[in-house]
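Everything below concerns the one structure shown next.
The values are calculated or read from the model by the stated rules, or taken from the named source; none is laboratory data. Given the structure is predicted, the values throughout are model-derived calculations rather than measurements. Every residue, glycine among them, receives a Cβ derived from its backbone with ideal geometry; neighbour counts consider all protein chains shown.
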Amino acid sequence: MAQGKLPEALDAHQQSLVIAKRLAEQDKSNAGWQRDLSASYDGVGDVLLVQGKLPEALDVYQQSLRNMQTLAGQDKSNSDWQRELAVSYERVGDVLEAQGKLPEALDAYQQSLKILQTLAEQDKSNTGWQRELAVGDEKVGDVLRSQGNLQGALDLYQQGLAIAKRLAEQDKSNAGWQRDLSVSYEMVGYLLETQHKLSEALDAYQQSLKIRQTLAEQRKSNVGAQRDLSMSYERVGYVLRVQGKLEDALDAYRQSLKIVQTQAEQDRFNTGWQRELAVSYERVGELLVAQGKVPEALDAYQQSLKILQTLAEQDKSNPDWQRELAVSYEKVGDVLRTQGKLEEALELYQQGLAISKRLADQDGSNAGWQRDLSLGYEMVGYLRETQGKLPEALDAYQQSLKIRQTLVEKDKTNSIWQRDLIVSLYEVGRTTARIGRKDSVLQAQGILQTALNLAERYPGSDRQNLIDALNLALRNLVH
């Protein structure tokens, strides 16, 4: 369904629906016409869903569901109608989940799952029903995960995994089932990772990786298989990184990078691949920084920056690419600063700051962009302070402070913003004292005391560290 053809497609489906309604009304005992009516509702809903009209899509899907409930209720032995009822519940659940109505989505998915469990139990040899049951387990698991019920989600994912294993074992040549199994392992791994069970998560990710290596080797020209493999290497690399196994993590990230490089080279106009390549270079750069391999890290970050500059230039209206470019400037700047190349680092920070300013000006209500801008000012301030240019540093710190005060005023319960504000007050207070103007010590004392008062009420795990740093700064003012 091409995007430009959606209005015509919707009109065609609506005309079909009018006819189906008329026929179904003429003979309510005609099961075929009643089924056609549900199918017509679904056709309209599918187009509305693609158009992003979620309330309208939900309305027609629910009408289809009511029709299927009646039809399936008339003959509970008709497995085709029972399956279509399960699918109808699933469609409704998909829309409700997209709308963020998780309890209602969960109820719809569970209704669907209940039917699929019955069908799969009735005919264990029906591989189609077994696969749909695995998908049903995963959909319920997704909602439970979103609700924070991680163990409940893991139980469902593992049930889906058990089915996927049986299917994949039955026919090892079925690439679709093998991929399903890799996805199930990945989902279990993600849940275990979220629960901080890193060893178990790594095992699940490696099981997924092993399958995807085989699939990618069998289908070297299949872009999807190659992308799956790249993602598996990235997942494995992330867990290894968190475990402190930096060399192994770097190897996994480089394997992922190699795949993405090949795909991006083959399709230079595919912005998705180009962006993934930039992200892959960034991941490698982060690992190299952690290992102290600064020149190599700089090269990886600069490769990422070059790609993001091209993407951002191609579409200046894309705020995500603009923001990613700003972050990339800052990462390159960080490495240059580490190398003592302060002027070059400052230039990069200022370029990132300019982008953050534009984004923040575009939407003053976007708290994320406002915080990005505060961080940009803070980094420029830190660089200026390192250069000994204290007035310029103080000005940048004050700009950052002003934004953070506004953010905290909007949401006093946000602990991240509270911490940002405390740090800004610390930076402004400390720099004010260092400038040494008349009454600067008194001003600094007032600013640092305000920060200390906030730190004492701050709920974060690093509360005591902040309090100790502020107390030390206040004592240093006396001496």
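Take the residues of the range 312-329 that are of a type outside the set (Lys, Arg) and more than 20 Å from the chain's Cα centre (by Cα): which is surrounded by the fewest Cβ atoms within 10 Å (Cβ to Cβ)? It would help to see each step written out before you state the result.
We begin by selecting, within the range 312-329, every residue of a type outside the set (Lys, Arg); these are 312-315, 317-322, 324-329.
Now drop any that are not more than 20 Å from the chain's Cα centre (by Cα), which leaves 312-315, 317, 329.
On the way: Ala312: 19, Glu313: 10, Gln314: 12, Asp315: 12, Ser317: 7, Tyr329: 27.
Only one residue tops the list, namely Ser317.
Residues that are in contact (Cβ under 8 Å) with a residue 24 or more places away in the chain and surrounded by fewer than 15 Cβ atoms within 10 Å (Cβ to Cβ) within the range 277-293 comprise Ala290, Gln291, listed in sequence order. Please indicate, with yes or no, whether at least one residue in the range 150-157 is assigned by TED's automatic domain parsing to the domain that holds Ser184 and among the acidic types (Asp, Glu). Looking for residues that are assigned by TED's automatic domain parsing to the domain that holds Ser184 and among the acidic types (Asp, Glu), one finds at least one in the range 150-157, hence yes.
For the residues Gln443, Gln418, Gln449, the requirement of being among the polar types (S, T, N, Q) and within 19 Å of Glu378 (Cα to Cα) singles out Gln418.
When Leu470 is tested against (1) at pLDDT 95 or above; (2) surrounded by fewer than 19 Cβ atoms within 10 Å (Cβ to Cβ), exactly one condition is not met: (2). Go through the residues of the range 332-348 one by one and say whether even a single one is under 24 Å from the mean Cα position of the chain (by Cα) and closer than 30 Å to Leu209 by Cα. Within the range 332-348, not a single residue is under 24 Å from the mean Cα position of the chain (by Cα) and closer than 30 Å to Leu209 by Cα.
Scanning the range 117-166 for residues that are more than 30 Å from the chain's Cα centre (by Cα) and not basic (Lys, Arg) gives Gln117, Thr118, Leu119, Ala120, Glu121, Gln122, Asp123, Ser125, Asn126, Thr127, Gly128, Trp129.
From the set of residues in the range 206-249 that are among the small types (Gly, Ala, Ser) and assigned to a loop (DSSP other than H, G, I, E, B), which is nearest to Gly189 (Cα to Cα)? Don't jump to the end; show me each part of the working.
Applying the first criterion (among the small types (Gly, Ala, Ser)) to the range 206-249 yields 208, 216, 221, 224-225, 230, 232, 237, 244, 249.
Keeping just the survivors that are assigned to a loop (DSSP other than H, G, I, E, B) gives 221, 244.
Working: Ser221: 27, Gly244: 18 Å.
Applying the filter and picking the extreme gives Gly244.
Residue-level check: of (1) farther than 30 Å from Trp177 by Cβ; (2) surrounded by fewer than 23 Cβ atoms within 10 Å (Cβ to Cβ), Asp80 misses just (1). Under the condition of being assigned to a helix (DSSP H, G or I) and free of Cβ contacts under 8 Å to residues at least 12 places away in the same chain, the residues counted in the range 308-333 number 2.
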